[in-house]
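Read through the structure below, which is laid out as structure tokens, and then see the notes.
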């Protein structure tokens with residue numbers, strides 16, 4: 001989000017304030033837990049969730065101090081869930097047993113700090129609203145874990161799977177910010193839909209990038225999600241065309257790099273990647289259409305720029321950015 005911060009200095013200023021809060025969270029933790037917290041904050045340094053909370057709140061009665069605290073709490077709750085998820089599923093060869101335990105405890109520590117911040121800084125009704133959203137996030141993360149190594153039998157099934165996680169998270173961030181700033185009901189609904197479509201498109205883009213990126217530049221291996229049993233939509237499309245070969249390759253345990261590269265090669269050959277790209281375009285256009293219906297003004301443009309920054313990545317060069325009306 002650095003480019004947005006350069007264009008809108010107030011974004012940089014407020015995200016820096018959020019970052020300061022996050023960096024203080026681990027001050028009293030043990031060294032191992034403190035290191036895990038610092039690592040996850042560094043990995044998620046774009047502060048996307050916090051940014052969406054702040055942006056949504058600008059459409060209502062904006063209170064900078066309150067919304068920075070709220071944005072930090074939402075970001076911390078998200079980080080807690082990410083740490084706990086990696087601890088539970090193990091992430092294969094990425095972490096040692098001790099590191100997995102440290103990540104679980106670090107997630108618990110962040111959750112406790114978040115609860116303390118909510119008790120000190122938010123009203124009872126606001127705490128209830130955030131806790132409700134966090135409970136929904138946990139349910140969706142559990143659903144996500146339950147679908148590992150599951151080959152979805154329909155496109156709808158797969159979309160419901162990522163909807164329960166990626167679409168819902170960004171939708172939640174926009175909704176929390178808009179509600180807590182007392183935005184009107186129509187704006188809350190519109191921002192929620194923007195977040196949902198952005199989240200869906202963003203997850204599909206991440207799936208595509210997992211199968212086509214510069215490994216040295218990105219610092220991770222091709223097809224890592226497939227290896228961890230998180231199958232992209234392109235796998236479903238491929239399975240429809242060549243079910244026996246797809247199932248045979250996925251049945252390899254552990255699946256090797258050569259099998260993953262073969263799957264990716266087949267996805268390109270049989271148009272599975274192109275079909276996923278088309279769906280990305282659909283959700284991207286839906287997000288832009290919802291943004292166009294927001295009240296006119298500076299913050300409408302900022303939401304549009306945020307969506308463009310997030311979604312206009314590789315695989316989308318053919319999409320013509322829609323102008324705000």
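Listing for the model above:
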{"read-out": "Residues within the stretch 276-312 that are buried (at least 16 other Cβ atoms within 10 Å of the Cβ), modelled with pLDDT under 90 and in a loop (DSSP other than H, G, I, E, B), tallied", "value": "0"}
{"read-out": "Selection from the stretch 35-54 of residues that are surrounded by fewer than 18 Cβ atoms within 10 Å (Cβ to Cβ), in a helix (DSSP H, G or I) and either outside the structural domain of residue 130 (by TED's automatic domain parsing) or touching a residue at least 12 places away in the same chain (Cβ under 8 Å) (or both)", "value": "35, 38"}
{"read-out": "Hey, residue 191 at pLDDT 95 or above and crowded, with 19+ Cβ neighbours inside 10 Å or not", "value": "yes"}
{"read-out": "Test: residue in the stretch 233-246 that is under 30 Å from residue 74 (Cβ atoms), surrounded by 13 or more Cβ atoms within 10 Å (Cβ to Cβ) and at pLDDT 90 or above", "value": "yes"}
{"read-out": "Scope the stretch 1-34; condition closer than 18 Å to residue 310 by Cα and either in a helix (DSSP H, G or I) or in contact with a strand residue (DSSP E or B) (Cβ under 9 Å, 6 or more places away or on another chain) (or both); matching residues", "value": "2, 3, 4, 5, 6, 7, 11, 12, 15"}
{"read-out": "Odd one out for residue 191 among (1) under 25 Å from residue 240 (Cα atoms); (2) in a helix (DSSP H, G or I)", "value": "(1)"}
{"read-out": "Options 100, 111; residue that is modelled with pLDDT under 85 and either in contact with a helix residue (DSSP H, G or I) (Cβ under 6 Å, 6 or more places away or on another chain) or surrounded by 14 or more Cβ atoms within 10 Å (Cβ to Cβ) (or both)", "value": "100"}
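The values are calculated or read from the model by the stated rules, or taken from the named source; none is laboratory data. Note that this is a predicted model, so its numbers are computed, not measured. Note: ideal-geometry Cβ built from the backbone for every residue, glycine included; neighbour counts use all protein chains shown.
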